Amino acid sequence: SAAEKGGYEYFMLKEIAEQPQAIAETLLGRLSERGEIILDEVRLTDQDLRDVDKVFIVACGTAYHAGMVAKYAIEHWVRIPCEVELASEFRYRDPILDRSTLVIAISQSGETMDTLMAIRHAKEQKARVLAICNTNGSTIPRESDAVLYTHGGPEIAVASTKAFLTMLVACYLIGLHLAQIRGVMYADEVAAVVSRLRRTPDNLRDLLGRMEEVRALGRDLKTASTMLFIGRHVGFPVALEGALKLKELAYIHAEGFAAGELKHGPIALIDKGTPVVCVVPSPQGRGVMRDKVVSNIQEVRARGARTIVIAEEGDEDVRQFADHLIYVPHTPTLLAPLMTTVPLQILACEIASARGYDVDQPRNLAKSVTVE
Ligand code: G6P
């Protein structure tokens with residue numbers, strides 16, 4: 001009913017709007033005043049976590065994209081190898097697992113059969129299993145050694161939005177926690193990231209308050225037959241997630257690429273007017289990456305693409321290459337997916353709704369897939 005949707009046309013729009021609060025809930029009680037991470041609830045001992053020499057992340061769909069972001073964060077902060085793998089592929093590959101392997105299973109529902117079978121396999125091989133989950137008491141956390149709940153609240157729309165952002169936050173917390181316990185980051189370095197994480201709910205509120213142009217752009221793109229998404233570093237999983245949302249909701253052929261791969265094939269797809277969504281890294285931090293994506297934008301534009309550019313506020317220089325420019329608030333590079341994903345959610349939602357589809361119940365999809 002309309003009341004359940006809190007005045008929004010779709011649950012998805014309501015859940016998009018709830019994201020600042022949802023990520024605040026994920027952070028609640030897990031940060032100290034001094035900017036440390038407190039995850040006593042995670043039932044793995046500090047010694048267990050110090051013994052970890054390899055991390056595998058297993059997940060499906062949108063949760064897998066969260067895992068891809070987590071890999072960048074964990075390897076950068078914790079300095080241990082981290083692989084991310086589609087849960088449906090994991091056990092058939094005979095992965096190398098033992099007691100010092102930490103397997104992180106990410107699942108909104110906690111009931112996805114592919115992910116469940118992956119953790120059962122990991123446990124048989126004596127790996128330690130930590131679940132990141134949104135649903136209290138569900139099967140995956142029950143069968144894991146430990147769990148970090150995202151506390152994002154129930155998600156009704158089939159396409160995941162707030163669950164994705166809260167999974168990202170949970171992954172950041174685990175990465176920082178590992179770095180803190182293993183002594184690979186100084187306390188003030190952890191505290192600096194924590195203080196930026198604390199600001200993200202407000203940053204998101206600002207961003208959500210100015211999505212009118214994105215909605216208009218969505219209506220304008222309703223007749224697109226194909227759309228491409230490019231990004232680099234953590235912008236790559238964001239590109240994949242943007243493409244997935246568009247496929248799921250608008251039934252438009254969409255693909256996400258690592259921007260650097262364009263020249264190795266996908267650029268052949270670009271035709272006059274092909275919409276290409278480009279996720280641009282922050283010019284601060286690792287500016288080289290930003291410049292490379294900007295040259296990719298020029299390349300696709302020279303071949304006729306219509307460029308939809310997601311860039312950080314203050315990046316004025318990118319304007320000249322953008323047919324449409326969407327600014328997001330500044331964050332450190334690794335946290336940027338918390339911002340850059342949001343316009344892509346809204347874009348997919350708006351295109352689908354302009355095409356007359358039921359945004360909350362896309363055809364052929366289920367919220368939780370409990371068969372392999
Ligand atoms: C299904 C849903 C996706 C979801 C995936 C994983 O395919 O349609 O939206 O990302 O399952 O779900 P989970 O509950 O494990 O996060």
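What follows is calculated from the coordinates using simple rules that are stated; it is not laboratory data. Source: prediction; values computed, not measured. Positions of Cβ are backbone-derived with ideal geometry, glycine not excepted, and every protein chain shown enters the neighbour counts.
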Handout entry: Residue count, the range 59-82 (criterion: basic (Lys, Arg), closer than 21 Å to Ile140 by Cα and touching a residue at least 60 places away in the same chain (Cβ under 8 Å))
Key = 0
Completion exercise
Selection from the range 214-245 of residues more than 18 Å from Val294 (Cα to Cα), more than 15 Å from the chain's Cα centre (by Cα) and in contact (Cβ under 8 Å) with a residue 24 or more places away in the chain yields Val214, Arg215, Leu217, Gly218, Arg219, Leu221, Lys222, Ala224, Ser225, Thr226, Met227
Problem - Residue that is surrounded by the fewest Cβ atoms within 10 Å (Cβ to Cβ) [pool: residues in the range 200-253 that are among the hydrophobic types (A, V, I, L, M, F, W, C) and out of contact with any strand residue (DSSP E or B) (no Cβ under 7 Å at 6 or more places or on another chain)] - result: Ala216
Exercise for the section: Determine whether Ala87 is surrounded by fewer than 24 Cβ atoms within 10 Å (Cβ to Cβ) and in contact with a helix residue (DSSP H, G or I) (Cβ under 8 Å, 6 or more places away or on another chain). Expected result: no
Practice task
Within the range 151-167, track down each residue that is β-branched (Val, Ile, Thr) and in a helix (DSSP H, G or I).
Solution key: Thr166
Practice task
Only residues that are surrounded by 15 or more Cβ atoms within 10 Å (Cβ to Cβ), among the hydrophobic types (A, V, I, L, M, F, W, C) and within 11 Å of the ligand (Cβ to nearest atom): list them for the range 355-372, please.
Solution key: Val369
Problem - Residue in the range 21-80 that is nearest to the ligand (Cβ to nearest atom), counting only those that are surrounded by fewer than 19 Cβ atoms within 10 Å (Cβ to Cβ) and among the hydroxyl-bearing types (Ser, Thr, Tyr) - result: Thr45
Practice task
Output the number of residues of the range 92-103 satisfying the condition of being under 24 Å from the mean Cα position of the chain (by Cα) and either away from the ligand (no atom under 16 Å from the Cβ) or in contact (Cβ under 8 Å) with a residue 60 or more places away in the chain (or both).
Solution key: 2
Exercise for the section: Just give me the residues in the range 81-91 being touching an Asp or Glu at 6+ places or on another chain (Cβ under 6 Å) and within 16 Å of the ligand (Cβ to nearest atom), in sequence order. Expected result: Ala87, Ser88
Problem - Selection count, the range 156-196, where residues are within 21 Å of the chain's Cα centre (by Cα), away from the ligand (no atom under 16 Å from the Cβ) and among the charged types (D, E, K, R) - result: 1
Fill in the blank from the handout: Exactly one of Ile346, Ile308 is touching a Pro at 6+ places or on another chain (Cβ under 8 Å) and either part of a helix (DSSP H, G or I) or under 22 Å from His233 (Cβ atoms) (or both), and that one is Ile308
Problem - Among (1) in contact (Cβ under 8 Å) with a residue 40 or more places away in the chain; (2) under 21 Å from Leu334 (Cα atoms); (3) in a helix (DSSP H, G or I), the one test that Met117 misses - result: (2)
